[in-house]
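Note sheet for the following structure.
The values are calculated or read from the model by the stated rules, or taken from the named source; none is laboratory data. Just so we're clear, the structure is a prediction, and the values are computed from it rather than from any experiment. No Cβ is skipped: glycine too gets one built from the backbone with ideal geometry, and neighbour counts run over all protein chains shown. These accessible areas exclude ligands, DNA and RNA; they are computed on the full protein's heavy atoms, side chains included. Shrake-Rupley method; radii C 1.70, N 1.55, O 1.52, S 1.80 Å.
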Amino acid sequence: MSKEVIASTATKPRKLSAEEIAEIEHEMTLYPDKKAVGLEALKIVQKHQGWVSDESLLGISKYLEIPAADLEGVATFFNLVYRQPVGKNVILFCDSVSCWIMGCENIKAHIKDKLDIDYGETSKDGDFTLIPVPCLGDCDRAPVMMVGPDLHRNLTPEKINTIISDYSSK
Amino acid sequence: MAKIVIDGVTYEVNPNNNLLQECLSQGLDLPYFCWHPCMGSVGACRQCAVKQYRDEDDKDGMLVMACMTPASDGTIISIEDEGAKSFRSEVIESLMISHPHDCPVCEEGGECHLQDMTQMSGHNYRRYDKKKVTHRNQYLGPFISHEMNRCIACYRCVRYYDNYAGGTDLSVQASHHHVYFGRHEEGTLESEFSGNLVEVCPTGVFTDKVFSEHYSRKWDLQTAPSVCVGCSVGCNTAPGERYGSLRRIVNRYNSEVNGYFLCDRGRFGFDFVNSEERLLEPIQRKQGKAELLTAAQIEVSIQQFSSAETIGIGSPRASNESNFALRCLVGDDNFYAGCSDAEYESLGVILALAADAAFHSPSVREIEQADAVLILGEDVTNIAPRIALALRQSVRNKAKELADENRIPQWQDAAVRELAQHERSPLSILSPAVSRLDDVASERIIDSLPNLIAFGHQIANKISDSAATAVSASSEHDDTLALIAQQLLRAKRPLIIAGNSNGGELIKAAANIAKALQEKNDDAGIDLCLLVPEVNSLGMGMLVDPANKLGAALARLQDGDAKRLIVLENDLYRRATATEVDAALEKAEQILVLDQLPTRTTAKADIVLPATAFSEHEATYINYEGRAQLSFQVNKCQKMAKPSWRWLNAAEHIDDLVQRCCNEAKGFTKLSEVLPADNQFVAGMKVPRQSHRYSGRTAMIANINVHEPKQMVDDESIMSFSMEGVPSQKDSTILASSWAPKWNSNQSISKFQDEVNGELKQGHTGILMFEKSTSVGAYFEPPVNSLTAAEKQLHLAFGFQIFGSDELSARCKPIQARMTDAYVGISPEDAQSRNLVQGDTVTISGTDSNVTVCIRTGIKTGTALLYCGEGSLNPAEFSEFIEIEKCEKQSASLGMRNLILSDLQDEDKSS
Amino acid sequence: MVTKPLTKNIDMSRPPLDIAAYEANEGYRSLHAIAKGLNPEDVLQLVKDSGLKGRGGAGFPTGLKWSFVPMGENSPTQKYLVVNADEMEPGTFKDRLLMEGDPHLLIEGMIIAAYTIQASKAYIFLRGEYTVSEQVLRKAIKQAKEKGYLGKNILGTGFDLDIIMHTSAGRYICGEETALLNALEGKRANPRAKPPFPQVSGLWGKPTIVNNVETICNLPGILSYGVDWYHGLTNGNDHGTKLFGVSGKVKTPGCWELPLGLPIRELLENYAGGMQDGLELRGFLPGGGSTDFMLPEHLDITLDYDEIAKVGSRLATGTMIILDDKTCPVGMVGNLMKFFAHESCGFCTPCRDGLPWVDEIFREFEGGRGTEKDLQVLHDHVTYLGPGRTFCALAPGATAPLGSGLKHFKEDFDRHVKDQRCSYKH
Ligand SMILES: Cc1cc2nc3c(=O)[nH]c(=O)nc-3n(C[C@H](O)[C@H](O)[C@H](O)COP(=O)(O)O)c2cc1C
Ligand code: SF4
Ligand code: FES
């Protein structure tokens, strides 16, 4: 029997798009349990919407019949599920030990200067959100960061300038 | 049995337990947080660390969590080891980092497990001088307050709420030291068992909002062992009083009944006792004017009533003593049932089955042990909530079985759940609508009542040919019915549940199934749990002659065959049609009503005598399984209310009354065994209802009189209204509020159990009243096919709500905050064909009742599920079929916003 | 003779080999051996004999781990293989190289492992940020499927296997094998109690083995070239090659496949090119952020599980982080503590509430406000968060650099307290 999902909400669920549903349905074939698909669905929705709004979360909850509270517990656990809107490009900035040794603090200060944002903030033009990330596994080319899906290595202030202007236009 | 050594002392232990359980069972003090006797171990808090040694030569040992280590033979541990002690105190230091230290303003203060464990662990001085983490709290509805800053992240709340009680709207969120326990957004906690969070949380995160409004410290409450009057389960409670008002109810452990948990009706449905509406003076109405009666006048009136011309109507919500006293006053022949005729008839069936050797009526604990369950027609969550919680545990027996096979100890909670995944012991539900237990159901049939009855007989027939089968309208469920029969046959401890909320035929079908199982298994009695609606439905039923139905009483009055009427704690307008009641009352020359609150019946009385409420008198009740339990008086009613039995019988001592009931009433022989034995007086001193820390006694009424008043005397009971005396430390029957040195919280209960989760030392868990005959009765015949519905007619089935369906709790403000209007649930198809939309008002043809329409997807087309609301509809008014018509009037007052249903038709889907 | 079985196909200046090129270079040979009749017990024996130890950090013998999986008729039919590709330990950058550089090697290894325990489903639990690995692996899985190496009845053996790519939503704790299983099940990634071990009750309660990417990548070589060859790869106690990395202020940081048993000095000087000009070696973490500091005096110790354990540290992931004399050791440990505090899952008390306190103290040190009392608290937490006291190995991992840092760089800590500033900052 299905789990009864009754938690009443003040917020209205968003209807998932056909694309989102198609991708979620595909995930259903890969996992023997719906709960696993819940986390996948959060990622799918984020891919399409940029982040997971309350409405989206409830939309998934309704579609998969997973309690919203459970989904919220999962969504807020993982680093890469954004429960707040993010900019067009998310900068995942590695500030772990090797990058730190190699001077990532200076690079971060430079980004902060350029974009006028600190960790967790989005630039005014909405182009960039800066988020710290644990070691990106490219320590021999530290400091490193990701912008969207792309990795950038051996960062210097100059490189940052180029990267920012490249992505701003994207 | 295994032998283990703890700090040099050898103990005999159960190797299936873990070390923490065993340490506690042996009476040793070992602090813990995340472990709970009913929820097993997860090893999160690390508070129960002990040193374990490989062998006698091992001097270093290593730290292990007692709760995560089996008590296997030869284990050597030390609780007192310095390393273990200092680790435990460091754990407390960690937990205290962000704790607000707001004990003086915290409702948990004084009964806080965190306080106790902090003391016990010896963490005294704060070293942390940095910023604390703070949280925002949530609004969680009328019952529970939320103060997340006090959280120590033991994970008990979510483990209880989700895993144990099946709630879906509380979760742990975020991570590292920001973990947060709450809802996904603010709103009422939906579980019917949310109140237990107050007791499950070891500190003050979840507190009793109702209590907070009128708060008192635990030690300042006058408390006595009591029994919940919310339904027929009879959970054991410990109500607390101060300044004459009842302040709260908490759980009182009874290993066979409620264990550690109550439902929210029981916990929050008590403040009718404090209601401003309470009847507190004896009055007589003459020409529309009410006059206060003197004691002498009352005596005279009662005398007048003790004549053959008087009819006494008993009450399923009144005690055995009150019912018995009334019966004595009016005579057996004139004593009538205080419930509807239909209900009384089914009560008769239940009582007859109770004596049948084929069946066993299981306790709540036994229900938890069932490995295959069939629920036939009852909405258990809304009728006998605590049993629904037990059924949620019964489905886990499969998981435990798997754990045994894989040699995973049953207390390894997370591991057992992980192993079992969705594997559950079978629980089949056959009922007219979706129920709150569906999420754990294996088989599910929703159909009209006549079909359900037929299905029941078919299952019985599939188990044994000797049971006659019945024809049903469809064969669509044949496979499911066969499967259910198989599951029940295969089970080691099958359980059938039915009840009389929709007439007696389902009970007969259920009995046939159980009988068939008994015949096949040649077992001792098969577990047959038959639910009745009220706290003492069975007790009253046993005292009334089977022929003495309410209808007969009303007829006698109307015929003039009887002239006077005494109504005991009962509103007749809920039991028979208004026409019948009106006609009878009209004719009666004199009417005397005893009750706590004004009702339509008291309004018609010539004499109204104020009856004490459950907390104000000593009483016995008989629960659904025939268990008699004694409920002590918590406090004296300070106004003029008296126990009903005392109004009716001015002289007799309660114990004598009980004794006489034993001697005179059939089936009550064992009743006096519930009374505490004389040897429980220590040195002639009574058991105090007030704790040894009870404060302010000398000043309590200083605003009126600076002299300390004399303590009230209780010459009826073994308990005193005082802090003097000898607390009954080890006796369960008179253990009001558990407390032990170093253990101020409810966790102290382990000090009174013979082992963790076991029976309380000494005392008893209540007395089972039913004598089994040696013979097994015959099978019931299926009913002859009843009428078929005419066009537009709907099969009627009654629906119930935990908050609203019980008369007294429905008059409590906190419960009212969760109640909804009466409604009629119909399927989308039936709604469409009648042009109805969600929330429309309809009139039920042939009555003047208006109800709200509730369109539910989990209802069979052709069935109307009628929830009568708090007395707004009278079930006696309706017959087997109803017709509904749209009407323009708005019926709603409370609205439907509190309705918690998983099958409410969604606007999205309907369009 | 093949001497670099893990990286022989890897050249990061070009895309990884496709299936044809991989096969041309002796790839998927092991599958043909299986097709010819090598049965699961044989494979298990080979892996046991090879002496392969897990490369994910704990160094547990792989064959032994597999042998705990219940086999035979009465065992659950569904079993799972999970590859731990969550690489997130600070300073660790080896699995990325293998996945981006030679995806078919991992796939081949997975087929071997899954075959041995007869798991018909295998998940790759891939770190979400590894977008290139994801693409490369997805493509390779597709190729292998087309070739019939994955799917139903592989090479006529009757063995079925699907490989499913799972990208993590991010958290270091997901690398802990039982937390990983919870994450795969879509739950919060809290670790699970052991026992029961995943081999008995793992993913969805079914027998499961979790192995590191590099561990799995060792398997094709063992099956293709044999145990003797494998043993011949090294001179020391441990067998096979291993990826070793060096990061920090050395001349040529990088990651190389080398035989186990190599002296540390050789790795540092011959491969990493020695310290950058003007810098001296102060100390190093030999195998990622949760290992104990070693000192210049340890340079002649060999890269060998037991040898490194003898001086109180762990080889773990084999990726070394170098501390130079111009970098503040207090700052370095503080950086690690911030990481561990943030990555605590929040389940058990000491880790959840202890690490943030430690972290805060390091921030005080950084701000020049550290006190003697703070130092005492740090010392206390080294024991308090140590092995056996917390629910999983995350917090004990944090105490490795903390405890050894406090010991080896005591004067730096003291100076921070005395001067109320960090003398490495100018
Ligand atoms: C906090 C923590 C993080 C871990 N992260 C990883 C990881 O990213 N990758 C990995 O392979 N093992 C990691 N491990 C080790 C795994 O728990 C496990 O031992 C390993 O995956 C087993 O594989 P192996 O036997 O092949 O080494 C981690 C352990 C802990 C305690
Ligand atoms: S289950 Fe019934 S008896 Fe028990 S607490 Fe609830 S209402 Fe009271
Ligand atoms: S009670 Fe043992 S770890 Fe919490």
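Distance between the pseudo-spin-label points of C:F68 and C:K139 (7 Å out from Cα toward the beta carbon): 3.8 nm. Interface residues of segment C:240-266, defined as those with an accessible-area decrease of at least 20 Å² between the chain by itself and the complete set of protein chains (probe 1.4 Å), are C:S247, C:G248, C:K249, C:P253. C:K79 sits among other residues whose Cβ lies under 14 Å from its own Cβ, and their net charge, with Lys and Arg +1 and Asp and Glu -1, is 0. Between B:H178 and B:Q762, the distance separating the two model label sites (each 7 Å from Cα on the Cα→Cβ line) works out to 5.4 nm. Computed from the Cβ-Cβ distance with R0 of 35 Å, the FRET efficiency linking B:Y243 to B:D559 stands at 0.10. The calculated 222 nm mean residue ellipticity attributable to helices in chain C amounts to -11500 deg cm²/dmol, summing -39500 (n - 2.57) over DSSP H runs of n ≥ 4 and dividing by all residues. The modelled label-to-label distance for the pair B:V713/B:D545, using points 7 Å beyond Cα in the direction of Cβ, is 4.2 nm.
Taking both sides together, the accessible area buried where C meets A is about 3600 Å² for a 1.4 Å probe. Backbone N atoms of segment B:436-477 closer than 12 Å to the 7 Å Cα→Cβ label point of A:K34 belong to residues B:439-440. In the structure shown, the pairs B:K563/B:K604; B:K398/B:K492; B:K636/B:K710; C:K48/C:K121; A:K108/C:K338 are assessed against 19 Å; a Cα-Cα span above that value is assigned to C:K48/C:K121.
Distant-in-sequence amide contacts of B:R217, defined by a placed amide H-H separation under 5 Å and a gap of 5 or more residues or a different chain, comprise nothing.
On average, how many beta carbons from a partner chain sit within 10 Å of the beta carbon of a residue in A:155-166? Walk me through the numbers on the way to the answer.
On the way: counts 0, 0, 0, 0, 0, 0, 0, 0, 0, 0, 0, 0.
Average per residue, whole number: 0.
Sequentially through segment B:371-383, phi angles give Karplus couplings (6.51, -1.76, 1.60; θ = phi - 60°) of 10, 7, 10, 10, 9, 10, x, 8, 9, 4, 4, 9, 9 Hz, Gly and Pro residues having no value and appearing as x.
Using the heavy atoms of the protein chains alone and a 1.4 angstrom probe, what is the accessible area of chain B per residue in square angstrom? Let's see the in-between values first.
Working: 32950 Å² over 911 residues.
Here the per-residue accessible area is 36 Å².
Note the angle between two axes, namely the Cα long axis of helix B:478-490 and the longest principal axis of the Cα atoms of chain B, as a number of degrees from 0 to 90, rounded to the nearest 10. Value to nearest ten degrees: 50. Based on alpha carbons, the Rg and Dmax found for segment C:329-419 are 12.1, 38 Å.
Per residue, the accessible area of segment A:3-77 comes to 40 Å² when a 1.4 Å probe rolls over the protein heavy atoms.
Which FRET efficiency, nearest 0.05, do C:H379 and A:D166 yield, Cβ-Cβ r, R0 56 Å? Computed FRET efficiency for C:H379 and A:D166 comes out at 0.70. Taking the Cα centre of chain C as reference, the dipole from Cβ charges on Lys and Arg (+1) and Asp and Glu (-1) amounts to some 880 debye.
Couplings 3J(HN,Hα) of segment A:129-135, computed from phi: 10, 9, 10, x, 9, x, 2 Hz, in residue order, whole Hz [Karplus 6.51 cos²θ - 1.76 cosθ + 1.60, θ = phi - 60°; x for Gly and Pro].
Overall form of segment A:74-170: oblate. Here a/c, set by the Cα gyration tensor axes a ≥ b ≥ c, is 1.5 or more, and a/b is not larger than b/c.
Loop-resident trypsin sites (Lys or Arg not before Pro) (DSSP state other than H, G, I, E or B) in segment B:816-911 with no more than 16 further Cβ atoms inside 10 Å of their Cβ: B:K889, B:R897.
Counting charges near B:R834 (Lys, Arg +1; Asp, Glu -1) among other residues having Cβ under 13 Å from its Cβ returns a value of -4.
Using a 10 angstrom Cβ neighbour count of at most 16 plus a DSSP loop assignment to flag exposed GluC sites (Glu not before Pro), which longest range of chain A is free of such sites?
Details: sites that count: A:E65, A:E121.
Result, exposed sites excluded: A:1-64.
Shielding by partners for C:164-174, please: the mean number of other protein chain Cβ atoms within 10 Å of each residue's Cβ. Mind showing how you got there, number by number?
Working: counts 4, 1, 6, 3, 5, 12, 8, 7, 4, 3, 3.
For this peptide, the per-residue mean of nearby foreign Cβ atoms is 5.
Distant-in-sequence amide contacts of B:L531, defined by a placed amide H-H separation under 5 Å and a gap of 5 or more residues or a different chain, comprise B:A498, B:G499, B:N500. Multiplying each eigenvalue of the alpha-carbon gyration tensor of segment B:126-274 by 5 and taking the square root yields semi-axes of 28, 18, 14 Å, largest first, rounded to whole angstroms.
Based solely on its DSSP helices, what 222 nm [θ] is calculated for chain B when runs of n ≥ 4 H residues each add -39,500 (n - 2.57) and the sum is averaged over all residues, nearest 500 deg cm²/dmol? After summing the helix terms and dividing by the residues of chain B, the value is -6500 deg cm²/dmol.
Amide hydrogen proximity for B:F359: with H placed 1.01 Å from N in the peptide plane, the residues at 5 or more positions away or on another chain lying under 5 Å are B:I526. For segment C:154-254, the solvent-accessible area of protein heavy atoms averages 23 Å² per residue (probe radius 1.4 Å; ligands and nucleic acids excluded).
For segment B:660-749, the Cβ-based charge dipole about the Cα centre amounts to some 260 debye (Lys, Arg positive; Asp, Glu negative; other atoms uncharged). The residue among B:C48, B:N623, B:Q119 whose Cα reaches farthest toward the positive pole of the charge dipole of chain B, with charges on the beta-carbon of Lys, Arg, Asp and Glu, is B:Q119.
Per DSSP helix of 4 or more residues, -39500 (n - 2.57); summed, then divided by the residues of chain A. What does that give at 222 nm, rounded to the nearest 500?
On the way: 7 runs with 75 residues, N = 170.
Counting only the DSSP helices, I get -13000 deg cm²/dmol.
The heavy atoms of C:D300 present about 100 square angstrom of accessible area, all protein chains included, probe 1.4 Å. Helix C:103-117 and the longest principal axis of the Cα set of chain C meet at an angle near 70°. Here the accessible area of the protein assembly as shown is 50 percent carbon and sulfur, with a 1.4 angstrom probe and all protein chains present. Rounded to the nearest Å, what's the spacing between the alpha carbon centres of segment C:56-79 and segment C:300-340? Just the number, please. First find each Cα centre; the distance between them is then 31 Å.
Please identify every one of the chymotrypsin sites (Phe, Trp or Tyr not before Pro) in segment C:56-115 that sits in a loop by DSSP and has no more than 15 other beta carbons within 10 Å of its own beta carbon.
Details: sites: C:W66, C:F68, C:Y80, C:F93, C:Y115; in loops: C:F68, C:F93.
Passing sites in segment C:56-115 are C:F68.
Near C:L52, once Lys and Arg are set to +1 and Asp and Glu to -1 for all other residues with Cβ below 12 Å from its Cβ, the sum equals +2. The charge dipole of segment B:541-580, taken about the Cα centre with unit charges on the Cβ atoms of Lys, Arg (+1) and Asp, Glu (-1), comes to about 40 debye, rounded to the nearest 20. Of the whole protein surface, B:R156 contributes about 0 Å² of accessible area at a 1.4 Å probe radius. Remark: relative contact order (chain B) = 14 percent; criterion is Cα-Cα distance under 8 angstrom and separation of 6 or more residues.
Only helices at least 20 Å long along their axis, Cα-based, and averaging -1.0 or more on Kyte-Doolittle count here, so list those DSSP H runs from chain A. Kindly include the intermediate steps, with their values, before the conclusion.
Numbers: long enough: A:34-49 (22 Å, -0.35).
Span-like helices in chain A: A:34-49.
Loop-located GluC sites (Glu not before Pro) in segment C:67-131 (DSSP state not H, G, I, E or B) with no more than 15 neighbouring Cβ atoms inside 10 Å: C:E73. Give me the angle, in degrees from 0 to 90, between the Cα long axis of helix B:320-330 and the longest principal axis of the Cα atoms of chain B, rounded to the nearest 10. Rounded to the nearest ten degrees, it is 20.
What does a probe at B:V776 reach in segment B:439-471, counting residues whose amide N is under 20 Å from the point 7 Å along Cα→Cβ? Of the residues in segment B:439-471, B:456-470 have backbone N under 20 Å from the label point off B:V776. If you plug the beta carbon distance of B:E586 and B:V784 into 1/(1 + (r/R0)^6) with R0 = 41 Å, you get a FRET efficiency near 0.65.
Only Cα pairs under 8 Å and 6+ residues apart enter the sum, and on that basis the relative contact order of segment B:126-274 stands at 20 percent.
Total Å² of accessible surface buried at the C-B contact, 1.4 Å probe, nearest 100?
On the way: alone 17330 and 35500 Å², together 49720 Å².
The C and B chains share an interface burying roughly 3100 Å².
Normalised by the number of residues in chain C, the mean separation of alpha-carbon contacts (under 8 Å, six or more apart) gives a relative contact order of 15 percent.
Residue order by solvent-accessible surface for C:S344, B:S145 is B:S145, C:S344, largest first, with ligands and nucleic acids left out and a 1.4 Å probe. Backbone geometry of segment B:737-753 corresponds, through the Karplus equation with coefficients 6.51, -1.76 and 1.60 at θ = phi - 60°, to 3J(HN,Hα) couplings of 9, 7, 8, 9, x, 6, 10, 8, 8, 5, 5, 4, 4, 4, 6, 10, 8 Hz, x marking Gly and Pro.
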